[in-house]
1. How many residues does segment 259-291 contain that are over 15 Å from Thr37 (Cβ atoms) and in contact (Cβ under 8 Å) with a residue 60 or more places away in the chain?
2. Find all pairs meeting these conditions: Cβ atoms under 7 angstrom apart; at least six residues apart or on different chains; first residue within segment 292-310 and among the β-branched types (Val, Ile, Thr); second residue in a helix (DSSP H, G or I).
3. If I ask for residues that are of a type outside the set (D, E, K, R), out of contact with any Leu (no Cβ under 7 Å at 6 or more places or on another chain) and in contact (Cβ under 8 Å) with a residue 40 or more places away in the chain, which ones from segment 364-387 would you list?
4. With respect to Ile83, is the statement that it is open to solvent by less than 30 Å² (accessible area, probe 1.4 Å), among the aliphatic types (A, V, I, L, M) and part of a helix (DSSP H, G or I) true?
5. Name every residue in segment 156-184 that is open to solvent by less than 40 Å² (accessible area, probe 1.4 Å) and either assigned to a strand (DSSP E or B) or more than 20 Å from Tyr224 (Cα to Cα) (or both), in order of residue number.
6. Hey, any hits in segment 280-298 for a residue that's within 15 Å of the ligand (Cβ to nearest atom), in a helix (DSSP H, G or I) and open to solvent by 10 Å² or more (accessible area, probe 1.4 Å)?
7. Hey, can you tell me all the residues within segment 156-165 that are touching a helix residue (DSSP H, G or I) at 6+ places or on another chain (Cβ under 6 Å) and within 14 Å of the ligand (Cβ to nearest atom)?
8. Looking at (1) surrounded by fewer than 23 Cβ atoms within 10 Å (Cβ to Cβ); (2) part of a helix (DSSP H, G or I), which is the one condition that is false for Val199?
Amino acid sequence: MNLNDLKQEFLKRFGGDDKDIRFFTSPGRVNLIGEHTDYNGGFVFPAALSMNTTIVARPRNDGILRMQATDLDIKVEGSLLEIEKYKDLEWGNYQFGVASELMKAGYNVIGADMLYHDTIPHGGGLSSSAAIEVATAIAMVMLGGGQAPDGVEMAKIGQKAENNYIGVNCGIMDQFASAMGKKNHAIFLNCKDLSFKLVPLALDGMKIVISNTNKKRSLAASKYNERRSECEIGFEILKKALPNATCLGDVTYEEFEANKYLIENETVRKRVAHVISEDDRVLKSVEALNKGDIVKFGELMTASHHSLRDLYEVTGEELDTLVEEALKIDGVLGSRMTGAGFGGCTVSIVKNEAVDEFIKCVGEAYERRIGYKASFYVSEVDDGGREVFI
Ligand code: GLA
């Protein structure tokens, strides 16, 4: 749907005239490498997608938020005065979480009618929720009379909404990528201090292909929080030997090797080994990309998947099948799961001429082995969250 169609849809649902209607958008993301490193103060390398959430919004003067989505048969209505009441909504809770965090941070948040239109698959690990958070944050700040807000601030608001309101202890990567993405660039982000560089994605003759397991992710949030606490336990142990380290991101590969015997619990040791080696792979990947060495970049992606499978144990049969089948195709340079894992998507770098064969062969093999279909997207890398105009 283009913005004009969306405006008509908005007027059909909410009535009134189009005088004060505005549009805001923010994208989903794919992480190229650097998984489960963000909440450990490590490096990540995501890119914003052209799949996004667009909001049609019109301010109200009664402190009421009324929200609908084009693909859901749901109408949500709530008061900004009772902001803590909406945590358990099936849909709309992320938006109330964002309003709550914006108000805590001192922004002028006012009531609004808002229609959401998503092109990011829900629950697919491409950060549909971060896109909603960032688009909502930008919309609310600007409807409240503010200027186009700082992207990093909006990313932090989105992360806090998820941590405090939704109860998922996620890191900053998804919201940062959604807010700060740039067309045809990936973001090399240091999650310890949020310093970042935009790296041109010079993938001449190649495409980024995303494959969706379409697996329902039931326990993902609790398993995610469990991994996070295992990392914290591991860090507390290493810290005794490395008193200057403030997070796992500060620990070098050599320091870990010299001190890993201190971590007696094998599971915790494996989790930490993944984080430390993954951080190293991000640095090497960015170096490889800067040199135009896509072969090396692809190898590091695949190594990342194996580490997530064997050490971090967040892949599972569906993601492993997609990666295994992808690597059988000539013209695939690398393939790995992207996002939290436990289902969701993989990302593969595929030569242009092999893309059709990839989708056909991986799709057929997946259906044969898993019993239902995967979905595929050949993705474009786009800009981050912003107001858009007809
Ligand atoms: C989810 C979280 C991110 C990050 C990834 C794993 O997408 O929201 O903060 O931790 O998982 O890398």
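The values are calculated or read from the model by the stated rules, or taken from the named source; none is laboratory data. All figures in this text were calculated on a predicted structure; none of them were measured in a lab. All Cβ positions, glycine included, derive from the backbone under ideal geometry; neighbour counts span all protein chains shown. The area values use the complete protein model at the heavy-atom level, side chains included, leaving out ligands, DNA and RNA. Shrake-Rupley method; radii C 1.70, N 1.55, O 1.52, S 1.80 Å.
1. Summing the residues that are over 15 Å from Thr37 (Cβ atoms) and in contact (Cβ under 8 Å) with a residue 60 or more places away in the chain in segment 259-291 gives 2.
2. Note: pairs meeting the criteria are Thr302/Leu327.
3. Pass one, segment 364-387, residues of a type outside the set (D, E, K, R): 365-366, 370-372, 374-379, 381, 384-385.
Among the residues that remain, those that are also out of contact with any Leu (no Cβ under 7 Å at 6 or more places or on another chain) are: 365, 370-372, 375-378, 384-385.
Matches in segment 364-387: Ala365, Ile370, Tyr372, Ser375, Phe376, Tyr377, Val378, Gly384, Gly385.
4. Values: open to solvent by less than 30 Å² (accessible area, probe 1.4 Å): yes; among the aliphatic types (A, V, I, L, M): yes; part of a helix (DSSP H, G or I): yes.
Judged against the criteria, Ile83 is a match.
5. Those that are open to solvent by less than 40 Å² (accessible area, probe 1.4 Å) and either assigned to a strand (DSSP E or B) or more than 20 Å from Tyr224 (Cα to Cα) (or both): Ile157, Ser178, Ala179, Gly181.
6. Going through segment 280-298, the residues within 15 Å of the ligand (Cβ to nearest atom) turn out to be 281-282, 285.
Checking the rest, the ones that are also in a helix (DSSP H, G or I) come to 281-282, 285.
Now drop any that are not open to solvent by 10 Å² or more (accessible area, probe 1.4 Å), which leaves 281.
The answer is yes; a qualifying residue exists.
7. Keep residues of segment 156-165 that are touching a helix residue (DSSP H, G or I) at 6+ places or on another chain (Cβ under 6 Å), which gives 157-161, 165.
Within segment 156-165, Gly158, Gln159, Lys160, Ala161 meet the criteria.
8. (2)
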